[in-house]
Structure formats: structure tokens, C-alpha cells
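Written out below as C-alpha cells is the structure these notes cover.
We did not get these values from a lab; they are worked out from the coordinates using the rules stated. As the structure is a computational prediction, the values presented were derived from the model and not from experiment. Note that each Cβ is placed from the backbone with ideal geometry, even for glycine, and that neighbours are counted across all protein chains shown.
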Amino acid sequence: MLEALQKLNHAFKQRLKALFRVAKSVNKVATLNARQIYILPSRWSLFYLLLLLALLIGAINYTLSLAYAATFLLAALANVAMLHTWRNLAYLEVSINHAKPVFAGDLAEVEVKVRDLKNRSRYAICANFQDERSTTQSINANTSEIFTLPLTTHHRGYLSMPRLRLHTEFPLSLFHAWAVVKTEEKILVYPKPSGDALVIPNGIDPDSKGNQSMLAGDEDFTGHKTYQLGDLPSKVDWKASSKGMGMFSKQYSGEASTSLYFDWAQTTGDTEARIAQLTRWVVDAQAAQLTYGLKLNGQIQFMPNNSNNHYHACLKALATR
Amino acid sequence: MFEGTSDTMTQKTLSSHHLYWLLVSLGSALALHSIHLPIWITVTTAGLGIWRYFIDKKHWALPKLRWLILLTLLICIGLLFSYGSSFGRDASVSLLLIMSGMKLLETKTVRDYILIISIAYFIVASTYVFSQTASTFLLSLIPLTLLTATLVQTSLPQTLNSRLAFKLAGKMLLQSIPLMLVLFVLFPRLPGPIWGISKDAYSGMTGLDDVLELGDVGHLIRNSSVAFRVQFDENIPSANQLYWRGPVLWRQQQNQWLTTESNVPLSHESLMTTGIPIDYTITLEPHNRHWLLLLDMPTKLPDLATLRHDYTAVAKSPVRTRIRYQATSSGQYTLSSELSPQQRKIALAINRDNNLEAISLGQSWAQLPADVIINKALKKFNQEPFVYTLRPPRLSSNAIDDFLFKTQKGFCEHYASSFVFLMRAAGVPARIVTGYQGGEINPNGNYLIVRQSDAHAWAEVWLKNKGWVRIDPTAAVAPERIEQGIEEALTEMDELPIFVRQNATWLKKAYLNWDNINNTWNQWILGYDNKRQLAFLNKLSGEKLSLSDIAISMIVAMLVMMLVTAVLLLTKKQGKPSLVDRQYAQHIKQLSKIGVQPQIGEGSVDFAYRIGQLLPKQAKQAINIATLYNELKYGPLQNNSQMRQSKQLQLLKQMIQTFHRSKA
């Protein structure tokens, strides 16, 4: 029974939501027009309403003309405050900058740029995604401010950005004006790395016969990398370093470039568990600056590499698989 | 509408700056009340505010609940001590102030702030219970503006600088005035009160009492506050005609004179008038008594008045608000050509135990005709060394004897009471009439100001064929009191309130101007009650309006005014671009000639980098311009002095000029 009621309530809210006009973003930019601004008395206005009532009763009871005047002044002030609140939010341009991909379960930080279009300073503009914490900023006339808005992620893949809500209660906190921006933008959410601290498989590649214990070996010279504290002096390429361009270490590897593959087949469990495990390896390998490849479903998806792009490409592949 | 602002400001704690704003605005509301409340209330409330300041400053903990309860108890005891059991107007305001001070001690969140500001608005408006003068109103605008500015600050996570906050608060209050005026004029006024009003609400009101005890009118004479103002339709009658009739005192009890008992029905006295009727309008200040002062003798009464048998006009309930009434009087009249035996009996009754000397003097005249007796008495006052003074010596229980034969110093009530006593002793029916005499003409507004200091007492004697005739024995001693007002009648010894003294002419002039403003204020703002509203709106519309007509017109006018305000506020033209913007716009205009334009959403610095790619030689210049522009436009204003800013603006101008010159 209760559940049914909750369902009904939810459905009702959805219907209600559908009734409200939202600002749709075109090419990531939306403008809050007069038609998209909604305004209602805030919860604080209850105090104010009680104040006005008390004043009016006092004015009538004691027949005090000035108390009447004060009552009406404060009532008119509320009216003016309502207009100011509305004005504070109307004609803002909202553009959604790209958000950096995050791992599922982490907070995504979406950058939203809000610009004033009416040559007036805007104060205490709050912005938030549905059910998320809001950020408050003031915007100078004709300028824009970046709002960094948190967004909780749950599942890997593309997350459609929920509705963005901009709201304000400036200047008297008596009215709450809000507008909703709907955007087609999606955020890429990487899979959550598995929590099990499974060791990175040591280059197990069933198709390769390489040295399985080789990680960053010292057999083949593969190139230079900038010297880092802890590199063996014997590995420093003094010749290259003497050119005055900084210190370089020679980098060798065994057969890691061909052998360090993370394979779907190496993992166990259901799809999500496998993906989580692969993600764990990719993340750890990148952190250890290893060169790794990724094989999904038996096919080689990514040739071994250790660049940043490679890292993100791997994660994206895992996210969208 | 969607839920989901899990983070509203409810729980958000505000900054120290917010607290300072709140403390200052509350302080100003407190200051407004400090003159009429006991000093310890002001000190305690201020102390609570200062405590809160130190809690914030020194990071003390907010007081624990048990301490707050203890403090509340102490304060309640204090209030009980100050006000006793009569919990009325003063005690309520005191309690409200103290409680807002206590609330400060637990004020942290936005919710607390808005609650306390709402209470403070109420506290400011409650000043009007004590005083409704134009100056009080102007003064009360200070805390109103401060509170509004604080409310503005409360809606911001960081406070604005005070200039901006005041500007915004002031602007919003000014924008509220049109709607306020509409509501003020059209909101149907209801005749109050809704419930009973505590007695102390009228404690400050002074006026004539229905008892005269020798030395009593004196306290009024030292009071320069306005009793009423009179507007005459035609000329203002001469000063010796201006007797404003108040309670008539018939009964003598020791040194007291009292009105007739209400349980003794006396027939209504008859009145015949012959003179030209005088039409006038009186605006009576509240005095918490029934009297409606009218010029001797009223022929046409205001609606709200009834006449007593002795021609004292009274209202149904004590006059507790300023009221206006119109009346007609006539200076030539015959009042009560016949005297009933009952009336004669009361008008001759004297206490024969005391004042034996006066009784025997009166009795020695008893055989003479009435008019001779009157002259004899007046001659006594006139020819013996009687002095008119507001500081008469103390009198014993034989007050009249003392006055007539020993001290011979006194003012109107001494003269009137001893005259009436002598008349009664001599067998002439007589009574004391109290009221006001004269008044001050305000040339600025052509109306008469009658003050409490114009309070007066005179006598009426009943003569055959003439009825009750007014005799003013004070005139026999100090005729100038009647002709020119009280200040003329006194020797310098007597201290009078400054406005009643004649020598301070410039002050008096300023005062008369001020009184004129106050009179207009009283008539149109304070006196705008249900009657006045109806009369005004009837006149305005040319029709007879009902209450519902007014209500409907108020709603219509209110909606229209709200619409007008909305249109004006929301479609306001965009402000002029600032000097900085104009300079930069020039820069962009010049650049567009060579085909470079900022893209939508492109910041000025990004744009400068792009220019740099097109004009590598001027890359640095372009970036410098963009940087300075940004600093001037968005940099923190308070860090830059006005001087420095204008210098930098000059620099920007030069840089832009150099840029475009070297480009060509």
C-alpha cells in the first residue's frame, strides 16, 4: 500500500516535472529566458508573512496609521524583492563545459559556465544537478563564472547529465526563483576498479612465449625517459644528458611490450567483475608506468603502449563494453 | 519543480560580517526604543548583543541552555519588578526586545537570521505605539533600511560591501513606495480595537480631569503639548471669546470640586442663541478622557458627541486616538433661563465647616442685587494685591480663606473656585467651568493651536433673565491672561515650557512651521481613519462608496501597481557600459577592421592569444591589454582606490591606442 502510494507520488512528480518548461541546451549552450524562470515564496517568507500579519493586527487594534504604513511598505518590499529575485536569474546563459571522465562511484566534476547577458551583476546564483550539492557564486555584469558541480556516478558507461537546476533567493531570501536546464550532454564513466588487490599478471600472454617474469626488463633498449630519482646510475644515458637538455635514463624492457596483456580470459566472474578486474590492472599498470595491452573477448583490442591516450582509450573501451 | 537541493542554506552558518550587520541593525532598533523604556531594558539588551559579539570575536562557546533559562528567569523577575502585574504595551515591547537579544545568543543559521530580522522589523514598527510624529517616522527609517540591508546580506554567502548593500536596500525600499501608497490610501480601515488594549497604552495622555483640586490645573499649564487644533471656516474669533468648554464642576468637597453625580438626573439646560454661528473643525489629541472640547456655546454638535445637562460635550468612550470633528457655536446666548429648584440647590451648596471668613464675607453681601455682588467680588480681586502666579504657596484645609485673605497668590483655579465659593455664600447660584482658554494662531496654516498650557478655569453665575453668565475672575487680576495668553500674565519667576514663552521668537517661528508640518501630517497621515478614508474616496470618486467598493478598488489598483512596478523593473534598459568596457569595445572595433573578432564564449585572454598568433609582433601587447582589462573589470574593487583605478583606466586607453598605431 505504502509502496503503491510512493509510486503514485513519484509518478505524480514526474508528471509535474514534465509540465514545467525547461531551458534546452543547443550546442551545449542554453539561455534562461523569461519563460523558463519559475518563482515561489521561499520557506523563510513564512516568518515574513507572520510579521506582516502581526503588524496589520497591531495597526488595526491600536489604529496606528504609521503601523499601517510600515505594514504596507514591508508588503510592497516583498513584491519588489520578488521582482529582484526573478531579475537575478533571468537572462543568464548556461554553457556546459566538458567534464573529465571519472570512475564509477566517484564524484564527477562538471564545469558549467554561467554568463550574464543583461549587463547587471548577479548575486548568489546557486547551481546544482538534481539531488546533488549546489555551488553558489556571484557573477559580475557581462561576465561569466565557472561553476564546478559535483555529480555522483554509479555505473560505467555514458551517463546522461541530469537536469541542471539554477536557483537564487537573492536579495531578501523571501522568494525562490529557479530554472531547469536540460542538456543532451553525456559524461563518460569508467568502470570502478575492482577492490581486490589482485597482482598484475606478469605479462601472461597465452599466445606469446616471452619471459613471463619480465616487467621493465633490461634486455632491449627501447628509448629514453627523463631521469627520475632512483634510476640506476648505470642506466643513465650520459651521452644524451650531456647535450644540456636534462638528464635521461635509458629504458630497457624485456618482452613486456609484447607480453604484458590484460586479457578478458584471465579474469573470472560475471561481466562486471571481469571488467572491474581489467580496470584495476589498467589503472595499476598506468600508475607503475608499465606498457600494457588490452584484450577483450579474445581479440586484441589495444596494442601495448603506455601513453596517456592509450590509458584513456582502454578505460573507455572497458566503460562502454 | 524538482526537489533535490539537499543543500539549502538552512544549516549554513553565516560569517562574522553577517553577525556585525545584524548586531548594528538590531542596535538601531533598540536605540529607537531607548527613550521610552526603562534603562535596564536597553542596557540588558545591548549587553546581550555585546556578549554575542565577543562570542564571535573571541570564539567563546554559545551559552548553554541552562544558563539561558536562568537568564530568562532573572529577566522575567526584572520585568515583573518594573511593570508589576499589569502586562501591557511597555512590558510587551520590553519583552520583545529582551527576547530578541536572547535569541541572538543562539543565532547561527540563515533561519535564525531571518527570524530575528522579522522580529526586529516588528520592534521598529512598535515605536509607533509610543509616538507617531513625523520625526519618529523619519527616524524609524534608519533601522528599517539597516534591517533590509542586513536581510540582503543574509541571502549572500559573503557580505557585500556596505555601500552596495545600502544602495540596494535603499533602492528596493524606494521602489516599494508606490505600492505602499496605493495600499495606504485604499486598504479599508477598520475601526479598532480588535481586542482590549492594556491601560498603560494611554499612560502618557494628559487632559482635563473631572475633579479640580487646588493646584491641579497647574500641572497642565506646565505642559506645552498640543491639546487640540482648530480650523475656523471663517475668521478666528477674538481671544476673549475663545472659551473651550470642558467639564463643569458643581459640587464642593473640602478643597475639591466635582461634576454632578450621574445618578442625580438634572434636566437639560435650555439654550437660546442670537449671535452669528461660528463653524469650525477641531482635531483633538488623544487624552484618554471623554471630553470633546467645544467653543462656548455649541449649537450644532459633531455626530460622536452627546451633551450633558450643563453643556459639556462628551464622547461615548475615552478619546484614545486623534479625532476630528466639526461643530458650530455661537458667542451670544442665553443658557438656562429657568433654574430648577434642584439645580439651584446644587449651585448654592457649600461646605460650611471650613472657610468661615469667606462665608461671612459672602453672607455680608447677601442682601445686595446679584450683579453688585459679582462686582464686589471682582473688585476684591482687582483692587487688593492679588498676584497671578503658577507657583502659589501651599494652602491648608481652609484653602479659600487662605487664598482670599492671606496668600492672595494663585492662578485661574484659585480665582474661579474662591469666586464661586463667595457667590454661593452670598446666595448667587454659581459653578466652575474648566476647559481651555485662548490658543495660539499659527499664521502658516491659519489655524489655532490650543495647548495643555492653555487649560483654564472660570465661573458661571446664574442671573435671572440672563441664565448662566460667564464670569472670569482671573481676568480681574490678570486681564492679559485672557487677552494675550498665559505667557503675558506671568512674572518671570514662573517657569513655562520654552514654546509658551514669548521671548524666543525665532524658536517660536521655527516651532510654528514645524507645528504646521505636524498638523498636516496629523490630518492626512495619522488621521487617515475609516471616516476620513471614506470621505476622501467619496470626494475622489464623486460617489458614495461602500467598504466592498474600496476593497475591490484596492485589489485592482494593487494589481495595476504591481504590474507597473514589474514592467519598470524587468524591462529596464540595460545600464550604460562602464568606461572600461567602452575602451575595450573600441579595441575590438579596431580589430574587427582587420577581420578578427572574439568568438562567442571566448574570454578576453584567449582572444588575445589568438591575436598574438595573427600578429606575432604584438602578441605581448595584446595580452597585456587583456590582462589589464580583466583586472580593471573583475578585480576586487575594494583593493583599488578611486585614484589608482582612474590611472589604470588611462593606462588601458594608452595601451589600446599604441597597439593600433603600431599595427598600422
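From other protein chains only, count the Cβ atoms within 10 Å of every residue's Cβ in A:87-100, then give the mean.
Working: counts 4, 1, 0, 1, 1, 0, 2, 0, 2, 0, 1, 0, 0, 0.
For peptide A:87-100, the averaged partner shielding equals 1.
Suppose every K and R has +1 on its Cβ and every D and E has -1 on its Cβ; what is the size of the dipole of chain B about the Cα centre, in Debye to the nearest 20?
3600 debye
Output the relative contact order of chain B, whole-number percent, from Cα pairs under 8 angstrom with separation of 6+ residues.
12 percent
Relative to the Cα centre, what is the charge dipole magnitude of region B:9-160, using +1 at the beta carbon of each Lys and Arg, -1 at the beta carbon of each Asp and Glu, and rounding to the nearest 20 debye? Please list the in-between numbers first.
Details: 10 positive and 4 negative charges, 82 e Å.
In total the dipole reaches around 400 debye.
According to the square roots a ≥ b ≥ c of the eigenvalues of the Cα gyration tensor, what is the shape class of region B:9-160, taking rounded for a/c under 1.5, prolate for a/b larger than b/c otherwise, and oblate for the remainder? Mind showing how you got there, number by number?
Numbers: a/c = 2.18, a/b = 1.18, b/c = 1.84.
Verdict is oblate for region B:9-160.
For helix B:530-541, what angle does its Cα long axis make with the longest principal axis of chain B, in degrees from 0 to 90 and rounded to 10?
Helix B:530-541 sits at roughly 70 degrees to that axis.
If I fit a long axis through the Cα atoms of helix B:505-521 and take the longest principal axis of the Cα atoms of chain B, what angle between them do I get, 0 to 90°, rounded to 10?
Between the helix axis and the principal axis of chain B, the angle is about 80 degrees.
Per DSSP H run of n ≥ 4, the term is -39500 (n - 2.57); total these for chain B, divide by its residue number, and report the mean residue ellipticity at 222 nm rounded to 500 deg cm²/dmol.
Estimated from H runs of four or more residues: -15500 deg cm²/dmol.
Which of the peptides B:609-619, B:450-460, A:173-183, B:42-52 is most tightly packed, and how do the rest follow, judged by the mean count of other Cβ atoms within 10 Å per residue?
With the highest mean Cβ count within 10 Å placed first, the list reads B:450-460, A:173-183, B:42-52, B:609-619.
Roughly speaking, what is the stretch gain from A:Thr271 to A:Lys118, that is 0.36 nm per residue apart minus the C-alpha to C-alpha distance, in nm to one decimal?
Once the chain is fully extended between A:Thr271 and A:Lys118, it gains 49.9 nm.
Take every Cα pair under 8 Å in region B:211-489 that's 6+ residues apart, average their separations, divide by the length, and report that relative contact order as a whole percent.
RCO, region B:211-489: 25 percent.
Going by amide H atoms built from the backbone, whose H comes under 5 Å of the H on A:Ser121, apart from near neighbours?
Correct list: A:Ala141.
Can you pull out the trypsin sites (Lys or Arg not before Pro) in region B:120-179 that DSSP calls coil and that have at most 12 other Cβ atoms within 10 Å? Walk me through the numbers before you get to the answer.
On the way: sites: B:Arg163, B:Lys167, B:Lys171; in loops: none.
For trypsin sites (Lys or Arg not before Pro) across region B:120-179 that sit outside H, G, I, E and B with at most 12 neighbouring Cβ atoms in 10 Å, the list is empty.
How many angstrom lie between the C-alpha centres of region B:377-432 and region B:84-147?
52 Å
By the scheme Lys and Arg +1, Asp and Glu -1, what is the net charge of all other residues having a beta-carbon under 15 Å from that of A:His155?
+2
List, in the order given, every pair from A:Lys118/B:Lys171; B:Lys171/B:Lys539; A:Lys7/A:Lys316; B:Lys58/B:Lys167 whose Cα-Cα distance in the structure shown is over 24 Å.
Table pairs above 24 Å Cα-Cα are B:Lys171/B:Lys539; A:Lys7/A:Lys316; B:Lys58/B:Lys167.
As an exercise, identify the trypsin sites (Lys or Arg not before Pro) in region A:1-98 lying in DSSP coil whose Cβ has no more than 15 other Cβ atoms within 10 Å.
Qualifying residues, ordered by number: A:Arg21, A:Arg43.
Contour minus end-to-end for B:Lys376 and B:Ser262, with contour as 0.36 nm per residue of separation and end-to-end as the Cα-Cα distance? Could the numbers behind the result be given before it?
Working: separation 114, 0.36 × 114 = 41.04 nm, distance 3.40 nm.
That works out to 37.6 nm of additional length.
Take the residue pairs B:Lys620/B:Lys647; A:Lys28/B:Lys620; A:Lys113/B:Lys647 and return only those whose Cα atoms are more than 29 Å apart.
Beyond 29 Å: A:Lys28/B:Lys620; A:Lys113/B:Lys647.
Around B:Gly527, what is the net charge, scoring Lys/Arg as +1 and Asp/Glu as -1 over all other residues with Cβ under 10 Å from its Cβ? Mind dumping the intermediate values first?
Working: positive: B:Arg322, B:Arg324, B:Lys531, B:Arg532; negative: B:Asp529.
In short, +3.
What does the C-alpha gyration tensor say about the overall shape of chain B? Classify as rounded when a/c is under 1.5, otherwise prolate if a/b is larger than b/c, or oblate.
Prolate is the answer for chain B, as a/c is 1.5 or above and a/b outweighs b/c.
Can you tell me the orientation of helix B:356-365 relative to chain B, as the angle in degrees between its alpha-carbon axis and the longest Cα principal axis, to the nearest 10?
Tilt of helix B:356-365: around 60 degrees.
Under the rule a/c < 1.5 gives rounded, and otherwise a/b versus b/c splits prolate from oblate, where does region A:254-320 land using the Cα gyration tensor?
Note, shape of region A:254-320 comes out prolate.
Using modelled amide H (1.01 Å from N, peptide plane; none on Pro or chain starts), what sits under 5 Å from the amide H of A:Arg165, excluding residues fewer than 5 places away?
HN-HN under 5 Å from A:Arg165: A:Asn128, A:Phe129, A:Gln130, A:Val181.
Could you work out the local net charge near B:Ser360, counting Lys and Arg as +1, Asp and Glu as -1, over the other residues with Cβ closer than 12 Å to its Cβ?
Surrounding charge for B:Ser360 is -1.
Mind listing the phi-derived Karplus ³J(HN,Hα) values for region B:337-354, rounded to whole Hz, using 6.51, -1.76 and 1.60 with θ = phi - 60°, and x for any glycine or proline?
Taking θ as phi minus 60°, the curve returns 5, 10, 10, 6, x, 5, 4, 4, 4, 5, 6, 10, 6, 9, 7, 8, 7, 10 Hz for region B:337-354.
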